[in-house]
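What follows draws every value from the coordinates through simple rules; no lab data is involved. The structure displayed is predicted, hence computed values, not measured ones. Every residue, glycine among them, receives a Cβ derived from its backbone with ideal geometry; neighbour counts consider all protein chains shown.
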Amino acid sequence: MAQSPRAPHAAQHPLLPGPFLPGTFLPFSRPSITAADIAAVTQVLESGWITTGSKCAEFEQRFAQATGALCAVALTSATAGMHLLLRALGIGPGDEVVTPSMTWVSTINLIVLHGATPVFVDVDPDTLMTTAEHVKQALTQRTKLIVPVHFAGAALDLGPLRALASNRNLTLVEDAAHAAGTEYEGHPVGTEGTAVFSFHPIKNLTTGEGGIVCTDNEDLAARIRRLRFHGLGADAFERESRGRAPQAEVLEPGFKYNLPDMNAALGLSQLARLEALNARRAALAARYLERLENVEGILPLAVPAYPMRHAWHLFIVRIDERRAGIGRDAFMARLKARGIGTGLHFRAAHLHEYYRTRYTPRQMLPNTVWNSERVCSLPLFPDMALADVDRIVDTMGIVLDEAKR
Ligand SMILES: *Cc1c(COP(=O)(O)O)cnc(C)c1O
């Protein structure tokens, strides 16, 4: 990834946050990498053991501590975690999985690859999160699993969702890809139930690529641990270091989703800074909210009113063409031409070509469709300065003025 030049004081200390130089491209996202992160990965490279080993085990332990989870199994991605969960839960043909369409396509792809049917539910128009009310309307005799999404760093209203799942004897798996550091009613996401986190480079904590399944179900964790490495009773590290026989047997056909120590070492180093990283995100988000309060046609997401702690993974606005005088796609293109990168989270899954032509949602999804056409994620990452937010909002102002002329 190309490095953007920083302001002169930052250039003397290349790992110190400072505003991006005026006139240089300000990307939508960039991982925050410190000298300590680099040293941690280098140490693994020099150690003679670079694949899954003691660093992965330590990362799992620390992440479980941080979230309050009973068990944590690290994997090469959140998608891998969802794959193994669907496998472990026995999701297959005839089963229905209830999930919002306002999500990343990985979940939907996996449901379909398992021969099951995704049943799309709508979301709150201003938090983009689904609720127990939406989910309830979608339940049938065939429903096996519910996969709601903690969105943009905010927490789902888990209380009613958990009550609904438990009343109907359904499994609930939280997509927590955006929720490293998010809390609901005073508890970190991951403390209770089963949640899948992502450590992709744009997420709040990165391992390069990676993910983790947190669960309070020990049997489920053991099954995922086995499926993550060929279905063997033990992985290479366990065989080597814990005296397990290299003749370990396949107990069931499994996959190859173990997280290497190179990645886990980066995760450990990042996890130690997660609080600080999220605090910077919160400060940047507060500046955005303040500066965008009265900008016509630019609508930030709402922050839920129930008790929760926001991890500010994304700062999403909706571009309302009628009032802004410009549509979302043109808005993104004009910002890019003026040196500001943006993202799109998400184009609704049911509107992607493959799904559009094969699945007609049973529910109307008006809030999902409205937002799918208007959402735009503004730059938000810990190495940004408040002055960068100001530059972005000022540039948005120029683009909006231009559009009105
Ligand atoms: C990033 C993301 C995922 C997938 O994470 P990977 O680690 O890239 O597999 C899943 N769901 C949501 C909502 C995401 O944003």
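Find the relative contact order for the chain and round it to a whole percent, using C-alpha pairs within less than 8 Å whose residues are 6+ positions apart.
In percent, rounded to a whole number, it is 23.
Restricting to the chain, what percent of DSSP beta bridges are antiparallel, rounded to 5?
The antiparallel fraction comes to roughly 65 percent.
Using just the alpha carbons, could you tell me how many Å³ per residue the convex hull of region 244-308 encloses?
Dividing the Cα hull volume of region 244-308 by its residue count gives 239 Å³.
On the principal axes of its Cα set, how long, how wide and how thick is region 23-105? Give whole Å, largest value first.
In descending order, the Cα extents are 50, 44, 25 Å.
From the backbone phi of region 153-165, what are the Karplus-calculated ³J(HN,Hα) couplings (6.51 cos²θ - 1.76 cosθ + 1.60, θ = phi - 60°) in whole Hz, Gly and Pro given as x?
3J(HN,Hα) across region 153-165, in whole Hz: x, 7, 9, 4, 7, 6, x, x, 5, 5, 4, 4, 4.
Dipole size in debye (nearest 20) for the chain around its Cα centre, Lys and Arg Cβ +1, Asp and Glu Cβ -1?
Roughly 680 debye, rounded to the nearest 20.
Could you please state, rounded to a whole Å, how far the C-alpha centre of region 346-405 is from the C-alpha centre of region 38-105?
28 Å
Per residue of region 140-148, in order, report the coupling 6.51 cos²θ - 1.76 cosθ + 1.60 (Karplus, θ = phi - 60°) as ³J(HN,Hα) in whole Hz, putting x for Gly and Pro.
9, 4, 8, 5, 10, 8, 10, 10, x
Nearest 20 debye, what's the magnitude of the dipole of region 36-271 about its Cα centre given +1 on Lys and Arg Cβ and -1 on Asp and Glu Cβ?
For region 36-271, the charge dipole is close to 600 debye.
Which of the peptides 21-29, 99-107, 125-133 is most tightly packed, and how do the rest follow, judged by the mean count of other Cβ atoms within 10 Å per residue?
99-107, 125-133, 21-29
Sequence-distant or interchain residues sharing an amide H contact under 5 Å with Gly341, placed H: which?
Sorted by chain and number, the residues that satisfy this are Leu26, Phe28.
What dipole magnitude, in Debye to the nearest 20, does region 250-405 give about its Cα centre under +1 on Lys/Arg Cβ and -1 on Asp/Glu Cβ?
The dipole of region 250-405 has a size of about 340 debye.
Just from its helices, what would the mean residue ellipticity at 222 nm be for the chain, if runs of 4 or more DSSP H residues each count -39500 (n - 2.57) and the sum is divided by every residue, rounded to the nearest 500 deg cm²/dmol?
Counting only the DSSP helices, I get -11500 deg cm²/dmol.
Fully extended, how many nm does the chain gain between Asp216 and Asn294 (0.36 nm per residue separation, minus their Cα-Cα distance)?
Result: 23.7 nm gained on full extension.
P(r) tail for region 36-271, what percent of Cα pairs lie past 29 Å?
Everything past 29 Å amounts to 27 percent.
Normalising by the residue count of region 36-271, find the relative contact order in percent from Cα pairs under 8 Å and 6+ residues apart.
Computed value for region 36-271: 28 percent relative contact order.
Expected output is a single nm value to one decimal: the length gained when fully extending between Gln61 and Thr140, i.e. 0.36 nm times separation in residues minus the C-alpha distance. What is it?
Taking Gln61 through Thr140 to full extension adds about 24.6 nm, to one decimal.
So if each residue of separation counts as 0.36 nm, and I subtract the Cα-Cα distance between Arg323 and Ala337, what length gain in nm does that give?
Contour length minus the Cα-Cα distance gives 2.8 nm.
Please report, in whole Å, how far the alpha carbons of the chain spread along each principal axis, starting with the longest.
72, 57, 38
Beyond a 27 Å Cα-Cα separation, which of these cross-linked pairs lie in this structure: Lys55/Lys203; Lys136/Lys256; Lys203/Lys256; Lys55/Lys144?
Among Lys55/Lys203; Lys136/Lys256; Lys203/Lys256; Lys55/Lys144, the Cα-Cα distance tops 27 Å for Lys136/Lys256; Lys55/Lys144.
Only bridges with both residues in region 36-271 count here: give the DSSP antiparallel percent, nearest 5.
The antiparallel fraction comes to roughly 50 percent.
For a distance above 20 Å, tell me the whole-number percent of Cα pairs in region 274-403 that qualify.
Here the tail beyond 20 Å accounts for 49 percent of pairs.
Along the charge dipole of region 36-271, which of Thr99, Leu75, Ala177 sits closest to the positive end, that is, farthest toward it, with unit charges on the beta carbon of Lys, Arg, Asp and Glu (+1, +1, -1, -1)?
Looking along the dipole axis, the top candidate is Leu75.
Going by amide H atoms built from the backbone, whose H comes under 5 Å of the H on Gly210, apart from near neighbours?
Ala78, Phe199, His200
In nm, to one decimal, how far is the Ala403 label point from the Gln363 one, both placed 7 Å along Cα→Cβ?
Label-label distance for Ala403 and Gln363, simple model: 2.9 nm.
How big is region 364-405 on each of its three principal axes, counting only the C-alpha atoms and giving the largest first in Å?
42, 34, 8
May I ask you to evaluate 6.51 cos²θ - 1.76 cosθ + 1.60, the Karplus curve with θ = phi - 60°, for each residue of region 168-182 and list the ³J(HN,Hα) values in order in whole Hz, giving x for glycine and proline?
9, 6, 10, 7, 10, 10, 8, 7, 10, 4, 9, 10, 6, x, 6
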